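The values are calculated or read from the model by the stated rules, or taken from the named source; none is laboratory data. Note that the structure is predicted; figures quoted are calculated from it, not measured. Virtual Cβ from ideal backbone geometry, glycine too; neighbours counted across all protein chains shown. Surface accessibility is based on the protein's heavy atoms, side chains included, excluding ligands, DNA and RNA. Shrake-Rupley method; radii C 1.70, N 1.55, O 1.52, S 1.80 Å.
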Amino acid sequence: MIKIGFIGWRGIVGNVLLNRIKSSFILKFSELFLFSTNKIILNYLINYAYNLNLLKSMDIIICCQGSNYTKNILKSLKNLLWKGYWIDASSFLRMKKNSFLILDLINKKEILNNIKNYKIYSGCNCTVSLCLISIKKLLKYNLIEWIFTSSYQSISGAGSYLINKINNDINKIYNNFNEFKNIEKLIKFKLKNSNLYNIIPWIDKKVNFSQTKEEWKSQVESSKILNKKIYIDSTCVRVNSLRCHSQSFYVKLNKNINLNNFYDIINYNYIEIIKNDQINISKKLNSINVSNKLKIYVGKIRKNIINNIFNFFNIGDQLLWGAAEPIKRFLEILIEFLI
């Protein structure tokens with residue numbers, strides 16, 4: 001049996017991934033060891049995440065614990081000459097030369113060609129995953145000249161901390177829900193810097209050209225996955241949706257195609273195209289409808305007045321396609337390779 005260690009399974013992404021693993025064939029051929037950094041919950045089923053000797057005995061380690069844990073523990077395991085596979089959900093390893101980015105819907109051929117050469121694998125940024133899956137066939141036919149996206153990212157993308165913070169703010173203003181002015185005053189003067197009824201226009205730290213790191217990832221991670229440069233600029237904002245990220249796209253094509261052909265090209269089995277009318281858009285192209293679904297919903301498709309530019313809007317469950325699902329699917333590929 002292949003021994004798989006799983007760290008970070010209690011977090012938002014980890015919990016979704018654990019459920020996806022349980023629905024797969026993975027556990028037929030493997031034994032799953034759950035690890036925790038919290039000593040309080042340790043028992044005969046839960047192992048200590050800093051037990052290097054036990055970690056070293058794992059054939060595969062899945063880590064959803066965050067960048068700091070990965071940075072420290074992976075280095076320690078390497079010093080112990082650990083030969084296993086490390087699969088990571090954090091951003092720490094993504095742009096490292098010895099790390100391979102996994103999104104098998106886009107780069108399965110490259111994954112299979114390199115699985116003998118790499119021991120470290122990383123899931124890519126959630127908006128990058130949702131973007132590339134949505135434009136898969138445009139990439140296949142080499143139709144893209146450049147892309148500009150604006151993303152509207154749910155609070156669960158920032159983890160349980162932001163969810164808890166917003167819930168606490170809701171509780172603080174509960175008795176004032178009927179008075180708009182009271183709510184506004186409370187948020188502005190008593191709940192300073194609250195994210196409740198608000199947007200967060202800056203995600204992560206600043207990088208080049210006044211971009212945030214979240215915006216920078218769109219081009220650099222996409223280019224690494226595709227193994228060629230693609231021109232993507234992005235504006236990323238956090239909104240008060242609980243789950244599911246959405247994006248608005250402007251795509252400049254290098255060929256003049258009509259709207260019907262565009263529909264045909266972007267459509268495939270992981271895309272749900274929503275008819276461009278008020279009822280369908282309102283009912284289907286929203287977070288509540290898309291949550292827990294593997295399809296990415298695409299709508300509001302139109303051809304711009306400027307030649308060869310198309311505009312559309314997508315929404316997908318970032319906890320699935322942005323995080324858990326690519327790791328689960330790669331784990332299936334790796335298990336098949338190892339057996």
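With springs connecting C-alpha atoms under 10 Å apart, model the chain as a Gaussian network and identify which of Phe189, Phe262, Phe148 has the largest mean-square fluctuation. Per the Cα network of the chain with a 10 Å cutoff, Phe189 tops the list.
In this simple spin-label model, placing a label point 7 Å from the Cα along the Cα-to-Cβ direction at both Asn43 and Lys172 gives a separation of 3.6 nm. With 0.36 nm allotted per residue and the present C-alpha distance subtracted, the Asn227-Phe209 stretch has 4.2 nm of extension available. Between segment 15-33 and segment 111-126, the alpha-carbon centres lie 19 Å apart.
Averaging over all projection directions, the Cα-based convex hull of segment 58-191 occupies 12.9 nm² in the image plane. Across the alpha-carbon atoms of the chain, the computed radius of gyration and Dmax are 21.3, 64 angstrom. Remark: spin-label model distance Asn307-Glu184 equals 4.9 nm, labels positioned 7 Å along the Cα→Cβ axis. Counting only protein heavy atoms and a probe of 1.4 Å, the accessible surface of the chain is 51% carbon and sulfur. Between Asn256 and Glu31, the C-beta separation translates, for a Förster distance of 35 Å, into a calculated FRET efficiency of about 0.05. Look at the dipole of the chain built from charges on Cβ: of Leu132, Ser122, Leu77, the Cα furthest out on the positive end belongs to Leu77.
Site pair Asn79 and Lys97 shows an inter-label distance of 2.3 nm when each label is modelled 7 Å from Cα along Cα→Cβ.
With the charge dipole of segment 193-339 set up from +1 on Lys and Arg Cβ and -1 on Asp and Glu Cβ about the Cα centre, the Cα lying farthest toward the positive end among the listed residues Ile335, Ser218, Ile232 is that of Ile232. Within segment 200-242, whose backbone N sits under 18 Å from a point 7 Å along Cα→Cβ of Tyr118? Of the residues in segment 200-242, 217-230 have backbone N under 18 Å from the label point off Tyr118. Under a model in which nothing but the beta-carbon of Lys, Arg (+1) and Asp, Glu (-1) is charged, the chain shows a dipole of about 440 debye around its Cα centre.
Pairs Lys109/Lys224; Lys71/Lys119; Lys75/Lys228; Lys137/Lys284; Lys295/Lys328; Lys96/Lys228: which exceed 19 Å Cα-Cα? In this structure, Lys75/Lys228; Lys137/Lys284 lie more than 19 Å apart at Cα. Per residue, the chain exposes 51 Å² of accessible surface when a 1.4 Å probe is rolled over the protein heavy atoms with every protein chain present.
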